[in-house]
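Here the structure comes first, spelled out in structure tokens, and everything after it is commentary.
Please treat every number below as a calculation from the coordinates, not as lab data. The shown structure was predicted, so the numbers you read here are calculated from the model rather than taken from an experiment. Cβ coordinates were reconstructed from backbone atoms using ideal geometry, including for glycine residues, and neighbour counts include every protein chain displayed.
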Amino acid sequence: MLKLKKLNFIDHSLFFIMLIWLSSRVLIAFTMLIIAPLFPVASNGVIATFSWDVFHAWDSVWYEKIVTNGYDFSSDVKQIHTVAFFPLFPLLCRLLMTIGLPFKIASFLVNNLAFLATLIILYFWVEELYGRSAARWIITTLAWCPYSIYGTVIYTEGLFLLCTTSALRTFEKKQYTWAAFWGALSTAIRVPGITLIPAFLFVSWKEKRPIKAYISSLTSALGIIIYSLYCQIEFGDALAFFHAQQAWRGDLKGFAWQGWWQMIMQIVMGFNNWKYGYIQQPWHPLLFLIIMVSGYLLYHFRLQLGFKKVHYGFYFLWLLMWLLAGDELFKVVIVFGGIYLLWFFRYQIPLVTFVYGLCSYGLILNTGITPSAERYAYGIVSLSIVFGLLLERYSRLRYPVMFFFSLLMVIFSIRFARDLWVA
């Protein structure tokens with residue numbers, strides 16, 4: 001009888017997971033394939049079509065080059081070289097292509113199926129920790145965050161989330177062989193996977209874990225070590241993948257003070273005002289000031305107005321602020337708001353998840369650049385866990401946040417389908 005009840009529960013949970021995954025993916029696919037082609041030619045001369053091409057842009061192009069032509073590298077680091085992209089994703093795509101699938105379909109399947117597997121593993125892990133309600137909101141956050149578009153298009157987000165989530169889960173459960181396996185796969189997908197290593201080592205020391213935990217932590221580096229050996233043999237430079245990154249970031253390193261300050265000034269003053277160095281459009285800072293003062297007044301008179309009116313007021317002000325400031329506002333909130341949430345829930349999440357989140361943010365914020373920082377932040381599964389816990393705790397936030405996420409998901413899907421920058 002107990003087995004029957006357990007089976008029914010698992011089936012019910014899997015149905016919910018499939019529903020969340022499928023509904024979010026259908027919205028993205030429908031927007032990219034049906035809605036995006038209705039728009040005129042983009043500023044870059046691209047028009048979306050009802051084809052696999054809408055899922056293939058930006059980094060997708062480089063992965064296709066790797067699969068079809070192999071890696072390339074030279075000492076001219078001002079040019080983009082494919083060696084900057086790690087090998088596990090193109091290897092899996094190539095494996096699927098051996099059964100006759102073209103690259104675009106094979107890579108689409110790898111990313112989407114990996115993203116589905118992530119949701120399943122994450123759900124049953126956090127359900128053990130927090131219960132069914134929290135688990136549902138955590139995977140809903142991960143699947144409906146607008147940057148989850150990168151779990152559908154030809155990118156590595158789905159695979160990276162699968163491997164890092166599995167590594168964190170197995171390490172927390174003290175399954176060290178599996179933790180080493182998933183950790184090694186993570187470091188073979190992209191550079192941020194290495195943040196698992198300091199997280200594992202710190203937790204091993206802090207919780208006085210056995211020597212197996214330390215071995216597992218260090219073994220997680222095998223992915224990047226093997227790739228380094230390949231680069232040494234093939235190109236005579238063990239760090240070719242690192243040097244190739246200079247085509248994107250130049251000689252910049254450390255915290256990008258100028259980039260983040262520019263973003264904040266664009267939010268407060270407006271892009272044109274910042275660009276020209278004087279107040280060319282006074283309405284932008286004036287509207288920003290009005291929104292901020294309105295927010296203060298809502299909070300100050302919250303008891304007189306009632307919590308329901310105050311909540312709806314703040315939702316409306318957020319929408320106005322986003323319409324005024326654009327992507328920069330959401331990017332700043334995702335990155336720095338995510339750090340705050342990690343700290344806020346530091347005692348409610350496993351220590352390894354917390355430390356991994358901090359290490360990942362440390363790496364993101366010290367690359368010397370700001371582009372794609374929000375996408376890399378989305379790839380930190382710790383962020384989805386704490387955001388899901390936030391929604392589970394504060395029920396009034398749930399549906400307004402999901403509505404806003406859905407709106408951005410549609411906008412981002414249209415942009416990507418038209419080969420315009422998203423993150």
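Each label point was placed 7 Å from the Cα along the Cα-to-Cβ direction; for residue 303 and residue 177 their separation is 6.2 nm.
Using the Cβ-Cβ distance between residue 44 and residue 124 with R0 set to 41 Å, the FRET efficiency from 1/(1 + (r/R0)^6) comes to roughly 0.45.
Would you please state which residues of the stretch 131-149 a label at residue 18 would reach in this model, taking the label point 7 Å out along Cα→Cβ and a backbone N cut-off of under 11 Å? Within reach of a label on residue 18, which here means backbone N under 11 Å from a point 7 Å along Cα→Cβ, the stretch 131-149 contributes nothing. Computed FRET efficiency, Cβ-Cβ of residue 271 and residue 52, R0 30 Å: what is it to the nearest 0.05? Calculated value: 0.30.
Highest mobility in the GNM of the chain, judged by mean-square fluctuation with C-alpha springs under 10 Å and restricted to 216, 74, 384, is found for 74.
Per residue of the chain, the DSSP helices (runs of n ≥ 4 H) give a summed -39500 (n - 2.57) that works out to -21500 deg cm²/dmol at 222 nm.
Grab the Cα-Cα distance for residue 289 and residue 211, subtract it from 0.36 nm times how many residues apart they are, and report the gain in nm with one decimal. It would help to have the intermediate numbers written out before the result.
Values: separation 78, 0.36 × 78 = 28.08 nm, distance 5.66 nm.
Taking residue 289 through residue 211 to full extension adds about 22.4 nm, to one decimal.
Taking a sphere under 15 Å around the Cβ of residue 180 and counting the other residues whose Cβ falls inside, with K and R at +1 and D and E at -1, yields a net charge of +4. Listed values for the stretch 141-158 are Karplus-derived 3J(HN,Hα) couplings in whole Hz (6.51 cos²θ - 1.76 cosθ + 1.60, θ = phi - 60°), namely 4, 5, 7, 9, 4, x, 6, 5, 3, 6, x, 10, 6, 7, 9, 9, 4, x, and x replaces Gly and Pro.
In what sequence, highest mean first, do 171-177, 67-73, 40-46 appear when ranked by Cβ atoms within 10 angstrom? Please report the intermediate quantities before stating the final value.
Numbers: 171-177: 17.6, 67-73: 15.3, 40-46: 10.3.
The most tightly packed comes first, giving 171-177, 67-73, 40-46.
Excluding residue 312 itself, calculate the net charge of residues whose Cβ lies under 13 Å from the Cβ of residue 312, where each Lys or Arg counts +1 and each Asp or Glu counts -1. Could you put the intermediate results ahead of the total?
Working: positive: 302, 308, 309, 396; negative: none.
With Lys, Arg at +1 and Asp, Glu at -1, the neighbours total +4.
Counting other beta carbons within 10 Å of each residue's own, what order do 18, 32 fall into, fewest first? Could the numbers behind the result be given before it?
Details: 18 13, 32 26.
Neighbour counts put them in this order, fewest first: 18, 32.
Charge tally for residue 83 (other residues, Cβ to Cβ under 12 Å; Lys, Arg +1; Asp, Glu -1): -2. The stretch 378-423 and the stretch 143-161 have Cα centres separated by 11 Å. Sorting 190-196, 124-130 by their mean Cβ neighbour count within 10 Å, with the most densely packed peptide first, gives 190-196, 124-130. Each of residue 97 and residue 222 was given a label point 7 Å from its Cα along the Cα-to-Cβ line. The distance between the two points is 2.6 nm.
May I ask you to compute the full-extension gain from residue 280 to residue 105, defined as 0.36 nm times their residue separation minus their alpha-carbon distance, rounded to one decimal in nm? Please report the intermediate quantities before stating the final value.
Details: separation 175, 0.36 × 175 = 63.00 nm, distance 4.82 nm.
Contour length minus Cα-Cα distance gives 58.2 nm.
Each residue, residue 264 and residue 230, gets one label point 7 Å from its Cα in the Cβ direction; the gap between the two is 4.1 nm.
Annotation: aspartates and glutamates with alpha-carbon distance below 18 angstrom to residue 208 (same-chain offsets under eight excluded): 172.
Can you sort 136, 398 by how many other beta carbons sit within 10 Å, fewest first? Please report the intermediate quantities before stating the final value.
Values: 136 20, 398 15.
So the ranking, lowest neighbour count to highest, is 398, 136.
What the Cβ-Cβ distance of residue 238 and residue 74 gives, at R0 = 22 Å and to the nearest 0.05, is a FRET efficiency of 0.90.
Based only on other Cβ atoms within 10 Å, what is the fewest-to-most ordering of 311, 12?
On the way: 311 17, 12 11.
Exposure proxy ranking, most exposed first: 12, 311.
Summary of packing: across the peptides 19-29, 404-414, the per-residue average of other C-beta atoms within 10 Å ranks them, highest first, as 404-414, 19-29.
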